[in-house]
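Okay, structure first, notes after.
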Amino acid sequence: MNYSANTDRHSSKTILPLTKHGFAASQLVLGFMAHGGGWNDNPVTLSELKRAHDAVETALSVGINMFDHADIYSKGKAELLFGQVLKERPEIRDKIIIQSKCGIRAAEGPIPSRFDFSKDHIIASADGILNRLGLEKLDILLLHRPDPLIEPEEVAEAFRQLKATGKVDRFGVSNMSAGQMKLLEAYLDEPLVANQLELNLLKLDWLEAGIYMNHSEGKDYSFPDGTIEHCRLLNVQLQAYSPLARGLFSGGDRSNASAAVQETAALVARMAEEKDTTKEAIVLSFLLRHPAHIQPVIGTADPDRIRACSEAMKVNLSHGEWYQLYVTSRGRGMP
Ligand SMILES: NC(=O)c1ccc[n+]([C@@H]2O[C@H](COP(=O)([O-])OP(=O)(O)OC[C@H]3O[C@@H](n4cnc5c(N)ncnc54)[C@H](OP(=O)(O)O)[C@@H]3O)[C@@H](O)[C@H]2O)c1
């Protein structure tokens, strides 16, 4: 176990936990959920292929070298498009890190959509992912959402086989609590390298759980205690999905938003102006300022917005500014 602290990005260069697992990843990751033309059976179009090319090209041009997928995104079409991009630009393969997820199954006849961590399903899913991406090896495979019927021995065996056959390099999880991770970790040959969770300026449970420790108020959060700490201690890369809160604070539709959201959006705009940066950069800097060295997984497919997000790497929020954002967004002072 390595307990060494990562270098503070505010005093020097960030060292991501993923670096300790052998990946020289950018701190921003580009998610591909918005690609592929939607969750339908329509064939992918040339304009969608161009959109995928443009997103990848823009990401690379601003230093983003890691891409996040899942077998279910647009029913596999997001991976298919990314595979086509790689086929047309094979020279980029060695310069990027490709991650995907499995474990969510579509409905089949009377069986509803479900989570499935059985060995056979994990192995078959990895094969499907590799086929669609046109790869021999995937860099990182995440288990998408906890299956209550998980048999950790089976997952360990699936991971062992995928590693031994050279199909997957490293493994991680998504939406898992510290307790769920510990159960799995007890059976695995290798450490989990990542946990992808919804962390952003709107959904603050991941912070609320900590600040209400030993306090009589505020039991209304639903984030499992100790998850952030567990990941930090074991160098599990925390990845934040929906890091822009889908644009809520940076220009998206706020017609039904609360007063706290409206005030936070105004604060974000003010800070962006003062710091001569973009609103997206301020929203993401809230995650980047956290000492866990979180990787925001941005989901925009818009090249301008990808560029706006990349400005976050130049923003250093002070301790006080971070709290200004936090307290404004929670809509009340600290307990
Ligand atoms: N592990 C999980 O369970 C899980 C769950 C969800 C997502 N993910 C991953 O996380 C990635 C990001 O998730 P996300 O897409 O929810 O995150 P996000 O980055 O918070 O939101 C991106 C979405 O918001 C839109 N948006 C952003 N700013 C906007 C603005 N100012 N005005 C209008 N629309 C705006 C984008 O549209 P444009 O494309 O037009 O910019 C895009 O649809 C996904 O791609 C996926 O890889 C993982």
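Values quoted throughout were computed directly from the atomic coordinates according to the rules given, and no laboratory measurement underlies them. Because the structure is a prediction, the values reported are computed rather than measured. Please note: Cβ atoms are built from the backbone with ideal geometry, for glycine as well, and neighbour counts cover all protein chains shown.
Taking region 261-295, which residues are surrounded by fewer than 16 Cβ atoms within 10 Å (Cβ to Cβ) and either within 14 Å of the ligand (Cβ to nearest atom) or in a helix (DSSP H, G or I) (or both)?
Result: 262, 263, 266, 269, 270, 273, 274.
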Open item on the list: Step by step: first the residues of region 15-44, then only those that are loosely packed, with under 15 Cβ neighbours inside 10 Å and away from the ligand (no atom under 16 Å from the Cβ), then the one that is farthest from residue 79 (Cα to Cα). Which residue is that?
Closed with: 22
Open item on the list: Residue under question is residue 98, and the condition is that it be part of a strand (DSSP E or B), within 16 Å of residue 68 (Cβ to Cβ) and touching a residue at least 60 places away in the same chain (Cβ under 8 Å); does it hold?
Closed with: no
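Quickly run through region 225-260 and pick out the residues that are more than 15 Å from the ligand (Cβ to nearest atom) and either out of contact with any strand residue (DSSP E or B) (no Cβ under 9 Å at 6 or more places or on another chain) or without any contact (Cβ under 8 Å) to a residue 12 or more places away in the chain (or both).
Step one: filter region 225-260 for residues more than 15 Å from the ligand (Cβ to nearest atom), giving 225-226, 228-230, 232-235, 258-260.
Within region 225-260, 225, 226, 229, 233, 234, 235, 258, 259, 260 qualify.
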Task: residue 335 being more than 10 Å from the ligand (Cβ to nearest atom), part of a loop (DSSP other than H, G, I, E, B), closer than 27 Å to residue 193 by Cα and over 16 Å from the mean Cα position of the chain (by Cα) - done: no
TODO: Can you confirm whether region 189-201 contains a residue that is among the acidic types (Asp, Glu), in contact (Cβ under 8 Å) with a residue 12 or more places away in the chain and within 14 Å of the ligand (Cβ to nearest atom)?
DONE: yes
- [ ] Exactly one condition in (1) within 25 Å of residue 224 (Cβ to Cβ); (2) out of contact with any strand residue (DSSP E or B) (no Cβ under 7 Å at 6 or more places or on another chain) is not met by residue 122; state its number.
- [x] (2)
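Just to be sure before I move on: is residue 175 under 19 Å from the mean Cα position of the chain (by Cα) and within 14 Å of the ligand (Cβ to nearest atom) in the structure I sent? Show your work before the answer.
On the way: under 19 Å from the mean Cα position of the chain (by Cα): yes; within 14 Å of the ligand (Cβ to nearest atom): yes.
Against the criterion (under 19 Å from the mean Cα position of the chain (by Cα) and within 14 Å of the ligand (Cβ to nearest atom)), residue 175 qualifies.
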- [ ] State whether one or more residues within region 72-82 are within 20 Å of residue 150 (Cα to Cα) and surrounded by fewer than 22 Cβ atoms within 10 Å (Cβ to Cβ).
- [x] yes
